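Peer 1: I have a structure I would like to understand better, so I am pasting it below and will then ask my questions one at a time.
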Amino acid sequence: MTEHTSKRYESELETIRSTFLRMGGLVESMIQDSLTAVETGSVECITQVLENEKIVNAIEVELDHKIAEAIARNQPTAIDLRLLISALKMITDMERSADEAEKVVKMARRLHENNPRYEPLVEIRHISTLVSSMLNKFLDAFARNDAVVAAEVVRADKQVDKEWKSLLRTLSSYMIEDPRKTSEAIDLIFIARALERIGDHAKNMAERVIYLVQGEDVRHKGVKNAEKVARGEE
């Protein structure tokens, strides 16, 4: 009976991990599709992102329920409890990342409707590439319990912040030079801000991987501390 219960519990944990990774894969594709929508105005990509956002919401509810059941039915050991607690936090960040991707495609749709000749800024593509890489690395770190790769994600958020601030200055100058472009520039600011927030969520989730692997909370303690803890250094 004990062996049966143990196998069922292990199966529950694995289902939670695999479902979360599936959720992450969906969000990753949403970010890619949102960038394509910004660049081309693709109706297909916009529709796909909006549909996937609903699926991500459903997975969030499903995972919350599974985690609550796993905690209620079992007595998780320290490492398992860290996994379940971390997963609860990461699910929220992942769902909010999906929300930000949804914002991006809505702004993209408006940009292309208002200006059929709109051409995307290189800076938007750059920040989007950085954010996509962060999310991809986080998912890899979570799948392999790799705290060192997770710390790379934490550090990468600093570069995303720099890109966001630089783009904000560029767009502010853009509006001053040509007030007729103010509406377009504001939409681009919202897009860049949404991408920057996805970077923040990826960083939050990466910090949770470090906690999961090393058992130490590195939030609000700086990048260098996160890297040190990830390497297992005292």
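The values are calculated or read from the model by the stated rules, or taken from the named source; none is laboratory data. Bear in mind the structure is a predicted one, so any value in this text is a computation, not a measurement. Please note: Cβ atoms are built from the backbone with ideal geometry, for glycine as well, and neighbour counts cover all protein chains shown. What goes into the accessible areas is simple: the full protein's heavy atoms, side chains included, and nothing from ligands, DNA or RNA. Shrake-Rupley method; radii C 1.70, N 1.55, O 1.52, S 1.80 Å.
Peer 1: Give the stretch 44-66 a look and list any residue that's without any contact (Cβ under 8 Å) to a residue 60 or more places away in the chain and either aliphatic (A, V, I, L, M) or outside any helix (DSSP H, G or I) (or both), or say none. Quick ask: steps written out before the conclusion?
Peer 2: Keep residues of the stretch 44-66 that are without any contact (Cβ under 8 Å) to a residue 60 or more places away in the chain, which gives 44, 47-66.
Result: 49, 50, 55, 56, 58, 59, 61, 63.
Peer 1: Could you tell me which of the residues 29, 6 is open to solvent by 40 Å² or more (accessible area, probe 1.4 Å), out of contact with any Cys (no Cβ under 7 Å at 6 or more places or on another chain), farther than 20 Å from residue 90 by Cα and part of a helix (DSSP H, G or I)? So that I can check it myself, show each step before the final result.
Peer 2: Working: 29 fails: farther than 20 Å from residue 90 by Cα.
The match here is 6.
Peer 1: Within the stretch 102-114, which residues are open to solvent by less than 40 Å² (accessible area, probe 1.4 Å) and more than 13 Å from residue 52 (Cα to Cα)?
Peer 2: 104, 107, 108, 111, 112
Peer 1: Please work out which one of (1) farther than 30 Å from residue 185 by Cα; (2) modelled with pLDDT under 95; (3) more than 18 Å from the chain's Cα centre (by Cα); (4) part of a helix (DSSP H, G or I) is the condition residue 75 fails and give its number.
Peer 2: That leaves (4) as the condition not met.
Peer 1: So, in the stretch 149-169, of the ones that are small (Gly, Ala, Ser) and open to solvent by 20 Å² or more (accessible area, probe 1.4 Å), which residue ends up modelled with the highest pLDDT? Outline the logic, then answer.
Peer 2: Of the residues in the stretch 149-169, the ones small (Gly, Ala, Ser) are 150-151, 156, 166.
So of that shortlist, the ones also open to solvent by 20 Å² or more (accessible area, probe 1.4 Å) come out as 156, 166.
On the way: 156: 97, 166: 91.
Within the stretch 149-169, the match that is modelled with the highest pLDDT is 156.
Peer 1: Just wondering, is there one or more residues in the stretch 107-119 that are touching a residue at least 24 places away in the same chain (Cβ under 8 Å) and basic (Lys, Arg)?
Peer 2: Yes: one or more hits.
Peer 1: Mind telling me which of the residues 187, 99, 146 ends up being touching a residue at least 40 places away in the same chain (Cβ under 8 Å) and open to solvent by 40 Å² or more (accessible area, probe 1.4 Å)?
Peer 2: Numbers: 187 fails: open to solvent by 40 Å² or more (accessible area, probe 1.4 Å); 146 fails: open to solvent by 40 Å² or more (accessible area, probe 1.4 Å).
Within the list 187, 99, 146, the selection yields 99.
Peer 1: Could you list, in sequence order, all residues of the stretch 56-80 that are under 23 Å from residue 95 (Cα atoms) and open to solvent by less than 30 Å² (accessible area, probe 1.4 Å)?
Peer 2: Going through the stretch 56-80, the residues under 23 Å from residue 95 (Cα atoms) turn out to be 56-71, 80.
Passing the criteria: 56, 59, 63, 67, 70.
Yes/no per residue for (1) hydrophobic (A, V, I, L, M, F, W, C); (2) crowded, with 19+ Cβ neighbours inside 10 Å; (3) modelled with pLDDT of 95 or more:
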{"position": "11", "(1), (2), (3)": "no, no, no"}
{"position": "20", "(1), (2), (3)": "yes, yes, yes"}
{"position": "25", "(1), (2), (3)": "no, no, yes"}
{"position": "38", "(1), (2), (3)": "yes, yes, no"}
{"position": "47", "(1), (2), (3)": "no, no, yes"}
{"position": "54", "(1), (2), (3)": "no, no, yes"}
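Peer 1: Six or more apart or on different chains, Cβ under 6 Å: which pairs go from a residue in the stretch 160-180 that's of a type in the set (A, V, I, L, M, F, W, C) to one that's open to solvent by 40 Å² or more (accessible area, probe 1.4 Å) and assigned to a helix (DSSP H, G or I)? Could you list them?
Peer 2: Hits for this filter: 160/130; 167/123; 175/182.
Peer 1: Would it be correct to say that residue 200 is in a helix (DSSP H, G or I), under 25 Å from residue 34 (Cα atoms), in contact (Cβ under 8 Å) with a residue 40 or more places away in the chain and open to solvent by 40 Å² or more (accessible area, probe 1.4 Å)?
Peer 2: Details: in a helix (DSSP H, G or I): yes; under 25 Å from residue 34 (Cα atoms): yes; in contact (Cβ under 8 Å) with a residue 40 or more places away in the chain: yes; open to solvent by 40 Å² or more (accessible area, probe 1.4 Å): yes.
Here the answer is yes, as residue 200 does meet what is asked.
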